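In what follows, a single structure is set out as structure tokens and then discussed.
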Amino acid sequence: MNTQHAWSTRSDAARRMMAAREDMMTIFPFWGALALRLNIIEDPTCDTAWTDGVSMGYDPTYTDALTHDERVFLWAHEVAHCALGHPWRRDGRDPRWFNVATDYAINSELERHGFTLPKGVLLDPRYDGRSAEWIFDRVVRGDEDEEGEEPDEDEDGDLEDGDLEDGDLE
């Protein structure tokens with residue numbers, strides 16, 4: 001197959017996404033190397049982007065509205081889902097809410113590593129360094145007290161007496 005021809009037949013959005021992946025190889029080689037493992041699919045039926053661990057799909061309208069640096073972030077974001085095993089860790093949790101939790105976990109890490117995050121991505125310092133499962137429990141199940149703080153833990157990390165009320169474990 002003539003790769004020159006294949007490149008020229010791609011949409012403008014696909015060319016921009018490929019350019020972002022190529023730049024990521026230079027600027028963020030760890031993330032770039034992982035991105036090379038994903039097939040890329042232009043998917044106008046999705047809102048932003050997705051991954052199933054094998055492919056990365058993206059909405060060309062969404063990606064066209066991003067800056068180049070934000071497209072680099074988008075690649076790293078989807079790669080991080082794969083690197084952290086998110087497609088395989090859901091374990092019966094609601095897919096939409098588990099994705100919210102995984103996005104919180106990923107975005108703070110990528111911001112810390114110097115990526116340019118698009119406006120409106122899920123980002124909350126309360127979840128920095130936390131696992132998707134930990135975040136899911138707080139975002140979906142509401143495992144926070146009324147002030148939005150975590151229940152107190154003793155030095156072993158166990159909940160202290162009085163943190164749970166009757167019915168909390170039902």
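The values are calculated or read from the model by the stated rules, or taken from the named source; none is laboratory data. These figures come from a predicted structure and were not determined experimentally. Cβ atoms come from the backbone with ideal geometry, glycine included; neighbour counts cover every protein chain shown. Accessible surface areas use protein heavy atoms only, side chains included; no ligands, DNA or RNA. Shrake-Rupley method; radii C 1.70, N 1.55, O 1.52, S 1.80 Å.
Which of the residues belonging to segment 75-93 are farther than 11 Å from I106 by Cβ and modelled with pLDDT of 95 or more?
Residue satisfying the conditions is W75 alone.
Working carefully through the options R71, R37, R21, find the one that is under 25 Å from D124 (Cβ atoms), charged (D, E, K, R) and either out of contact with any Ser or Thr (no Cβ under 9 Å at 6 or more places or on another chain) or crowded, with 18+ Cβ neighbours inside 10 Å (or both).
Going through R71, R37, R21 in turn, just one is under 25 Å from D124 (Cβ atoms), charged (D, E, K, R) and either out of contact with any Ser or Thr (no Cβ under 9 Å at 6 or more places or on another chain) or crowded, with 18+ Cβ neighbours inside 10 Å (or both): R71.
Quick check: anything in segment 104-119 surrounded by 20 or more Cβ atoms within 10 Å (Cβ to Cβ), touching a Lys or Arg at 6+ places or on another chain (Cβ under 7 Å) and not basic (K, R)?
Looking for residues that are surrounded by 20 or more Cβ atoms within 10 Å (Cβ to Cβ), touching a Lys or Arg at 6+ places or on another chain (Cβ under 7 Å) and not basic (K, R), one finds at least one in segment 104-119, hence yes.
Do we find a residue being in contact (Cβ under 8 Å) with a residue 12 or more places away in the chain, open to solvent by 80 Å² or more (accessible area, probe 1.4 Å) and in contact with a Phe, Trp or Tyr (Cβ under 8 Å, 6 or more places away or on another chain) anywhere in segment 86-103?
Checked against the condition, which is being in contact (Cβ under 8 Å) with a residue 12 or more places away in the chain, open to solvent by 80 Å² or more (accessible area, probe 1.4 Å) and in contact with a Phe, Trp or Tyr (Cβ under 8 Å, 6 or more places away or on another chain), segment 86-103 yields at least one hit.
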